[in-house]
1. Return the carbon/sulfur percentage of the accessible area of the chain, one whole number, probe 1.4 Å, all protein chains in place.
2. Can you tell me which of I21, I141, I215 moves the most in a GNM of the chain? Springs connect C-alpha atoms under 10 Å apart.
3. So between L61 and N206, what do we pick up on full extension, going 0.36 nm a residue minus the alpha carbon distance?
4. In deg cm²/dmol and to the nearest 500, what is the mean residue ellipticity at 222 nm of the chain if only DSSP H runs of at least 4 residues count, each as -39500 (n - 2.57), divided by the residue total?
5. Determine the relative contact order of the stretch 105-244: mean sequence separation of Cα pairs under 8 Å and six or more apart, normalised by residue count, in whole percent.
6. Hey, which of these cross-link pairs are over 26 Å Cα-Cα: K233/K274; K29/K233; K15/K163; K192/K274; K163/K263; K207/K274?
7. In nanometres, what is the gap between the two model label sites at K233 and R187, each 7 Å from Cα along Cα-to-Cβ?
8. How large is Rg/Rh for the stretch 132-277, to two decimals, with Cα atoms and a Kirkwood Rh?
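The values are calculated or read from the model by the stated rules, or taken from the named source; none is laboratory data. As the structure is a computational prediction, the values presented were derived from the model and not from experiment. Counting neighbours? That spans all protein chains shown, and the Cβs are built from the backbone with ideal geometry, glycine included. These area figures cover heavy atoms from the full protein model, side chains too; ligands, DNA and RNA do not enter into them. Shrake-Rupley method; radii C 1.70, N 1.55, O 1.52, S 1.80 Å.
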Amino acid sequence: MSNIYLGYHFSVEPKKLGSEILIAELGEKPFESFIETELGFSAYIQKDLCTKNILDDIFLLNSPEFIISYTIEEIDQVNWNEEWEKNFEAIDVDGKCHVRAPFHPKTNAEFDIVIEPKMSFGTGHHETTHMMIQHLLENDISNMKTLDMGCGTAILAILAEMKGAKIIDAIDIDNWCYLNSIENAERNNCHKISVYEGDASLLKGNKYDLIIANINRNILLNDMQQYVDCLNKNGILLLSGFYNEDITFIDDSCTEKGLTFVKKIERNNWVSLKYIN
């Protein structure tokens with residue numbers, strides 16, 4: 001596979017809502033990363049994975065409620081660090097967790113996480129990752145065997161180890177995320193995280209006290225039974241990657257499989273839900 005990426009630079013009006021919906025749609029495609037811009041956002045995809053008609057079935061592009069235009073730029077992968085360094089700002093979650101790049105100064109936050117995302121999703125900037133961090137900060141996960149499903153940069157697995165989880169499996173289907181997760185685990189001196197490349201089929205026969213799944217609605221619904229089968233009694237399931245409108249679908253799937261709803265966190269119409277087994 002080549003090292004060449006295509007950058008789709010979208011201008012979206014109204015920006016906030018339109019960008020959120022469009023990113024959710026593009027997330028179903030092989031786009032690997034999204035960066036907010038002044039007029040909308042940029043989406044990045046490996047050139048070898050991009051087909052001529054990749055945007056033909058994107059509903060929002062044909063919606064009269066939004067004005068959307070875009071340009072396409074070919075980007076050599078070597079320039080990616082310049083792109084995210086220009087846009088990556090350190091973030092603070094509830095005064096307890098500081099997420100930063102290697103070039104940012106360290107703070108006195110209780111949990112200081114260094115992430116070099118490259119083309120992976122999960123820097124803490126997106127609402128879903130931010131909410132999952134909040135869930136982890138609120139829960140005592142000491143000695144829990146943990147799964148970070150769709151780990152992206154492994155940011156949530158890293159925080160889980162910092163909070164005392166004893167054994168952590170981090171899984172992502174994307175090779176770039178797999179490699180990036182290994183790098184970030186090493187960068188944060190994590191020794192309890194095992195990273196795997198694959199999907200929910202890797203879960204067979206495993207049991208966890210805590211499952212973290214920040215993916216998207218369709219994948220969550222498709223894999224929910226496998227999550228439940230892997231969850232120990234009184235185990236915690238943390239879910240995100242979907243909107244308020246998707247709660248009914250997610251909740252119906254969880255409750256019919258015997259899980260009990262505990263808490264919802266909402267951030268800019270994105271939501272994160274906590275269940276126990």
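1. Values: 6210 of 12900 Å².
Percent of accessible area from carbon and sulfur atoms in the chain: 48.
2. Looking only at I21, I141, I215, the biggest GNM fluctuation is shown by I21.
3. Working: separation 145, 0.36 × 145 = 52.20 nm, distance 4.16 nm.
Length gained between L61 and N206: 48.0 nm.
4. On the way: 7 runs with 77 residues, N = 277.
Mean residue ellipticity at 222 nm (helix-derived): -8500 deg cm²/dmol.
5. Numbers: 271 pairs, mean separation 34.2, N = 140.
Computed over the stretch 105-244, the figure is 24 percent.
6. K29/K233; K15/K163
7. Distance between label points: 4.2 nm.
8. On the way: Rg = 14.0 Å, Rh = 15.0 Å.
Taking Rg over the Kirkwood Rh, I get 0.93.
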